[in-house]
Ligand code: GLN
């Protein structure tokens with residue numbers, strides 16, 4: 001059998017093919033000349049399967065989609081506190097190439113607009129770092145996120161640099177406010193190289209799937225960033241990824257996303273998927289017109305929305321009386337809700353009963369699910385219950401009850 005997912009993606013692209021509204025980015029000559037009819041989509045799941053449709057082999061410059069990933073690099077290089085002292089996390093409500101600084105601090109409002117992304121680039125590696133080492137650094141990180149070696153398109157870079165007055169003006173303003181500590185020309189050149197890294201939709205879906213897993217590249221298995229960094233990046237994408245259309249986007253589509261002026265887009269749903277699309281014609285906000293439509297379709301057809309409730313529970317908890325014990329069984333992914341229910345059932349266990357926790361049908365515990373479950377077992381033990389654990393798949397590693405002792409394994 002052939003998976004129907006690529007067929008579905010083909011169908012979505014076919015439905016959109018006749019929409020030729022919008023235009024390629026005109027302010028960068030190399031992008032203005034791009035083939036506007038290119039159309040592609042890729043979805044990578046957190047378990048590493050990728051489904052594609054359309055012009056999957058087409059490479060294009062990453063442009064502003066580099067911003068969330070460079071932000072991740074800056075967070076890893078300099079720490080959250082330092083990065084937050086230079087760049088805020090509020091939606092700007094303005095176009096991506098406005099200065100959009102906060103009153104008082106003069107911090108750029110967020111790292112997804114040019115002012116914030118130029119500042120973020122200047123934070124890479126360390127103060128005064130050479131341009132080449134910053135560019136190498138993001139190239140290396142993006143390659144690890146994509147799972148293959150990427151490169152800079154020097155022609156696109158030269159084309160943009162020849163017309164970079166606006167970004168240079170922004171960088172000079174940032175320098176006068178002391179937000180930018182390094183040479184504005186050098187930083188804008190490095191930032192423009194970062195924007196000129198070539199990717200395809202498959203690279204984009206892999207990169208965002210790595211955010212979705214909380215930092216582990218789903219195919220290579222490499223931990224590329226911590227869950228805390230991935231969370232910060234996804235949250236900022238949700239708040240400010242779609243520039244002045246961020247609120248409309250988050251409510252209507254609900255997939256934290258980032259667009260680039262070459263027509264690419266990435267989107268991410270934590271614990272589910274990373275998405276990459278390409279269609280070079282842009283709308284009035286500078287977002288890919290058909291790319292945005294692909295996301296809207298996925299949201300509508302596939303329930304892919306950050307706030308979509310009613311997706312069904314991912315867990316279950318049951319209690320039954322065994323021959324010599326009260327058996328509490330959990331299933332699926334044990335997070336806060338299931339663990340809370342389990343703790344309520346534990347609270348009802350009759351005095352002196354032997355309690356067996358059966359986790360043989362559990363897929364995994366979240367950190368909080370694990371801690372709550374172990375705390376329940378510890379309290380039962382303290383109250384004098386014999387506590388047993390049935391865990392043939394070792395989904396509850398190191399079930400230490402807090403005093404160094406372990407439950408009896410059955
Ligand atoms: N390199 C582009 C710029 O700085 C990126 C903008 C974008 O993709 N929105 O103008």
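All of the numbers you see were taken from the coordinates with simple rules; none came from a lab. A quick note: this is a predicted structure, and the numbers were derived from the prediction, not measured. We place every Cβ from the backbone using ideal geometry, glycine too, and count neighbours over all the protein chains shown.
Points worth noting:
- Between the Cα long axis of helix 367-382 and the first principal axis of the chain there is an angle of about 20°, rounded to the nearest 10.
- Residues 134, 320, sorted so that the one with the fewest Cβ neighbours within 10 Å comes first: 320, 134
- Residue order, fewest to most beta carbons within 10 Å, for 67, 2: 2, 67
- Cα-based helix-to-principal-axis angle, 289-302 vs the chain, degrees rounded to 10: 10 degrees
- Between 0 and 90°, nearest 10: helix 227-240 axis offset from the chain longest Cα axis: 50 degrees
- Label-point separation in nm, residue 382 to residue 1, each point 7 Å along Cα→Cβ: 5.0 nm
- Tensor-based shape of the stretch 53-141 (alpha-carbon gyration tensor, a/c under 1.5 rounded, otherwise prolate or oblate): oblate
- Peptides ranked, highest mean first, by Cβ atoms within 10 Å: ranges 166-176, 148-158: 166-176, 148-158
- Overall form of the stretch 319-410 per C-alpha gyration tensor (a/c, 1.5; a/b vs b/c): rounded
- Taking a ≥ b ≥ c as the square roots of the eigenvalues of the alpha-carbon gyration tensor, the stretch 1-87 is classed oblate because a/c is 1.5 or more while a/b is no larger than b/c.
- Estimated from helical segments only, the mean residue ellipticity of the chain at 222 nm is -12500 deg cm²/dmol, where each DSSP H run of four or more residues counts as -39500 (n - 2.57).
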